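> First the structure, which I've put down as structure tokens, then a few questions once you've had a look.
Rule-based calculations on the coordinates, nothing more; no lab input. Every value quoted in this text rests on a predicted model; they were computed, and no experiment measured them. Quick reminder, even Gly has a Cβ in these numbers, built from the backbone with ideal geometry, and neighbours come from all protein chains shown.
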Amino acid sequence: MRGKKILVTGGTGQVARPVAEALAADNEVWCLGRFGDPAARKALEEAGARTVIWDMSTDDLEDLPRDFTHVLHSAVHRGDGKDFDRTARVNAVGTARLMTHCCAAEAFLYVSSGVVYNRADRMHRYREDDPLGGAAPWLPTYPVAKLSAEGVVRGLAEALSLPAVIARLNIAYGPYGHGGVPMILFNQMHRGQACSVPRGGQNYCNLLHTDDVVRQVPLLWAAAQAPARVVNWGGDEEVGMTDLLEHMSALTGVPLRLDRGDYSRETAVFDHDVRRGLIGDCSVGWRAGIARTLAELFEEYRDRIDAYAAAHAAE
Ligand code: NDP
């Protein structure tokens with residue numbers, strides 16, 4: 001993608017930062033956010049992106065140009081688990097401000113989440129038209145944040161004839177920000193804490209490396225339409241969360257303690273038909289992607305991970 005004028009929210013985050021940095025090489029990229037992390041802001045600017053302070057809970061966009069061709073809306077106010085009213089308002093109003101301001105754009109991409117599905121069955125492959133109304137015991141406001149914003153995207157895509165895509169992301173990971181759920185879990189292992197897993201069986205997800213996120217964002221923009229298109233966005237493979245923890249332990253030698261109980265942070269697997277039809281397959285396999293991410297984020301394990309990769313190269 002070249003020569004476009006692109007607006008990115010959530011540019012300091014794990015998902016959108018690598019996209020903004022990559023696109024800034026050949027496009028005019030503007031990133032909006034509060035920039036509580038000055039290092040992330042500096043890295044974005046060094047990559048060639050402009051940064052503008054914008055708090056979506058309070059600020060309008062009056063002083064911003066209107067001629068953006070593409071919008072990636074990745075910012076989220078997840079809430080504190082109790083502030084349902086505020087969470088719904090912040091995400092809905094922020095999304096509405098962006099869409100009305102950029103109503104002439106070629107494409108608007110909203111990064112949603114699989115948390116919106118009513119996830120009753122661990123092994124079900126969720127389709128885009130499956131029942132909504134997900135619960136998230138670990139952060140009850142989060143599904144409200146995503147569903148409120150999805151509603152705005154659907155409404156304004158049609159009302160403004162603004163081509164839009166709602167991409168329901170599974171679990172993204174890679175060497176940016178907090179590194180994604182796999183790296184959060186590895187940090188837990190690193191601190192000697194047990195990882196919660198189900199009493200029987202394991203949870204499954206579709207891990208998506210940020211290299212694929214970067215490559216697929218322009219493809220998703222190309223699929224935008226009004227009414228908004230909804231697409232599940234995850235990696236091709238179904239990854240057991242316990243298998244993931246064991247793989248990270250084998251790669252690094254960090255011992256794994258499992259806490260088999262009634263509570264574990266549930267995940268979900270997607271049906272990929274819509275995504276495959278629109279943007280094709282992913283390119284990063286989860287075992288290699290996790291090894292690379294750990295080596296990038298935890299330098300002390302690099303030699304061991306390289307040795308493991310060499311020993312298992314033929315598998
Ligand atoms: P992060 O937690 O890493 O980043 C959140 C981003 O939101 C930050 O860039 C932050 O910017 C911005 N933000 C938060 N509040 C505000 C605000 N009031 N005003 C402006 N910006 C704000 O998120 P991720 O990168 O992990 O997630 C990106 C998107 O993907 C989110 O919409 C999330 O729901 C979705 N998603 C992510 C998944 C994942 O695996 N990571 C899985 C499924 C969905 P700043 O602090 O600078 O303001």
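> Would you list, by chain and number, the lysines whose Cα falls below 20 Å from the Cα of K146, excluding same-chain residues fewer than 8 positions away?
Qualifying lysines at Cα under 20 Å: K82.
> Quick check for me: using +1 on Lys/Arg Cβ and -1 on Asp/Glu Cβ, what's the dipole size of segment 179-303 about its Cα centre, in debye to the nearest 20? It would help to have the intermediate numbers written out before the result.
Numbers: 12 positive and 17 negative charges, 44 e Å.
In debye, rounded to 20, segment 179-303 gives about 220.
> Rank N118, G48, F108 by how far each Cα sits towards the positive end of the charge dipole of segment 21-122 (+1 on Lys, Arg Cβ; -1 on Asp, Glu Cβ) and give me just the farthest.
With unit charges placed on the Cβ atoms, the residue in question is N118.
> Is the shape of segment 38-141 best called rounded, prolate or oblate, per the rule: a/c under 1.5 gives rounded, else a/b larger than b/c gives prolate, else oblate, with a ≥ b ≥ c the square roots of the Cα gyration tensor eigenvalues?
Details: a/c = 1.89, a/b = 1.72, b/c = 1.09.
It is prolate, given that a/c is not under 1.5 and a/b is the larger ratio.
> For K5, list the aspartates and glutamates whose Cα falls under 18 Å from its own Cα; do not include residues on the same chain fewer than 8 positions away.
E21, D26, E28, E45, E46, E62, D63, D67, E106
> A further question on this structure: Around R119, which amide H atoms from residues at least 5 apart in sequence, or from another chain, sit under 5 Å from its own amide H, with H modelled in the peptide plane?
Result for R119 returns A135.
> Also, I was wondering about something else. Using DSSP, restrict attention to beta bridges with both residues in the chain and report what percent are antiparallel, rounded to the nearest 5.
Values: 4 of 41 bridges.
Taking every DSSP beta bridge with both residues in the chain, the antiparallel ones total about 10 percent.
> To continue, here is another question. Would you mind checking the tilt of helix 286-297 against the longest principal axis of the Cα atoms of the chain, expressed as 0 to 90 degrees and rounded to 10?
Computed tilt is about 80 degrees.
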